[in-house]
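The values are calculated or read from the model by the stated rules, or taken from the named source; none is laboratory data. This structure is a prediction, so every number in the text was calculated from the model and none was measured. As a convention, Cβ positions derive from the backbone with ideal geometry for all residues, glycine included, and neighbour counts pool all protein chains shown. These area figures cover heavy atoms from the full protein model, side chains too; ligands, DNA and RNA do not enter into them. Shrake-Rupley method; radii C 1.70, N 1.55, O 1.52, S 1.80 Å.
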Amino acid sequence: MERHKVHHLVFSSSATVYGLNSKSPIPEYASLSATNPYGRTKLFIEEILRDWSITIPESSIALLRYFNPVGAHSSDLIGEDSQGIPNNLMPYITQVAAGRKEILTIFGNDYDTVDGTGVRDYIHVMDLALGHVKSLEYILNSRGCDAFNLGTGKGTSVLELVEAFELATGQQVPYQISNRRPGDVATCCANPTKAKNKLSWEATRDVVEMCRDSWNWQRKNPMGYLSSYIRPCD
Ligand code: UDP
């Protein structure tokens, strides 16, 4: 990068860098830690970039800490095609609605939250994409390394998301309650004020829109991309 005079960088980091102990809504200055290998890659790369920005005065870096991206492009052409068993909640919900999975398992209903299920800050991928555009504009006119939360600041529980999905799509999502998933926190929500003030960016799409667009993509691509396209390697 040095050789080619690349000094501007937008890094896709994650809210996972806040570890397990942060109190929501989480500001960017909260303490950082890793609780799994994925989180540690994000933390390490953030640290490398912070170090690099100190040694290269002309560098300008935005570390974007994504909360829980969901949704799809409204064209129905670009969406999330989870391979194997989806780890994340929204692709699991859409696969249950599409009949690919029988039932959603909710990991714990005894958290200290509105209804006992885990609360997260879901953000529409199109809002997230716009956050990148705003970040790019910002780093082209600034110096240094700065972190930004990309979230809505609004928390939604697992049961609330299931309800919103059923309402937005008319699809039923049968579920069962099981034990907590190890390593899960009760609540993880962003304080998105810094991004609003410095990037002039704010998420505008609500969970109903997120559910509708996630489902539209899944409905048009019930078996993922494999069902829609003949791949050159097939
Ligand atoms: N979750 C769930 N069932 C699933 C997947 C996720 O109940 O099949 C819950 C999980 O315990 C958490 C929330 O949904 O409270 C969001 O989980 P996800 O893995 O999507 O995001 P993360 O926990 O990494 O923020």
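I need the Debye-formula profile for region 1-97: one equal scatterer per C-alpha, no solvent, reported as log10 I(q)/I(0) at q = 0.11, 0.18, 0.23, 0.24 1/Å, two decimals. Debye output, listed in q order: -0.48, -0.99, -1.17, -1.21.
Where does each of 90-99, 209-218 land if you order them by average Cβ count within 10 Å, highest first?
Numbers: 90-99: 21.6, 209-218: 23.3.
Taking the mean over residues of other Cβ atoms within 10 Å, the ranking is 209-218, 90-99.
Against the criterion of solvent-accessible heavy-atom surface with a 1.4 angstrom probe, T55, T16, T35 sort, most first, into T55, T35, T16.
Distances between placed amide hydrogens fall under 5 Å for Y18 paired with S33, all partners being 5 or more residues away or on another chain. Backbone amide hydrogens, once placed in the peptide plane, bring T187 within less than 5 Å of V119, excluding anything fewer than 5 places away on its chain.
Could you give the accessible area per residue of region 101-234, probe 1.4 Å, as a whole number in Å²?
Details: 7160 Å² over 134 residues.
That works out to 53 Å² for each residue.
Provide the percentage of antiparallel DSSP beta bridges, counting only those with both residues in the chain; round to the nearest 5. Don't skip to the answer; put the middle values down first.
Numbers: 2 of 27 bridges.
Roughly 5 percent of the beta bridges in the chain run antiparallel, per DSSP.
Estimated purely from DSSP H runs of n ≥ 4, each contributing -39500 (n - 2.57), the mean residue ellipticity at 222 nm for the chain is -9500 deg cm²/dmol once divided by its residues.
Site pair N109 and I45 shows an inter-label distance of 3.8 nm when each label is modelled 7 Å from Cα along Cα→Cβ. What the Cβ-Cβ distance of E137 and W52 gives, at R0 = 25 Å and to the nearest 0.05, is a FRET efficiency of 0.70. The simple spin-label model puts a point 7 Å past each Cα toward its Cβ; for L167 and V6 those points are separated by 4.4 nm. Divided by 2.2 N^0.38 Å, where N counts the residues, the Cα radius of gyration of the chain comes to 1.07.
Dipole of the chain computed with +1 at Lys/Arg Cβ and -1 at Asp/Glu Cβ about the Cα centre; of L64, F107, H7, farthest Cα towards the positive end is H7.
Would region 128-234 count as rounded, prolate or oblate if I go by the C-alpha gyration tensor, calling it rounded below 1.5 in a/c and otherwise prolate when a/b exceeds b/c, oblate otherwise? The shape class here is oblate. Each Lys and Arg Cβ is given +1 and each Asp and Glu Cβ -1; about its Cα centre, the chain then shows a dipole of about 420 debye.
In this view, the solvent-accessible surface of V207, computed with a 1.4 Å probe and all protein chains in place, comes to about 40 Å².
For the set K5/K134; K5/K194; K154/K194; K23/K194, the pairs lying more than 19 angstrom apart at their alpha carbons are K5/K134; K5/K194. Heavy-atom accessible area, probed at 1.4 angstrom with all protein chains present, ranks K154, K194, K42, K23 as K23, K154, K194, K42, highest first. Could you tell me the calculated FRET efficiency between R181 and E202, based on Cβ-Cβ distance and R0 = 45 angstrom, to the nearest 0.05? E(calc), rounded to 0.05, equals 0.90. In this simple spin-label model, placing a label point 7 Å from the Cα along the Cα-to-Cβ direction at both T193 and L20 gives a separation of 2.9 nm.
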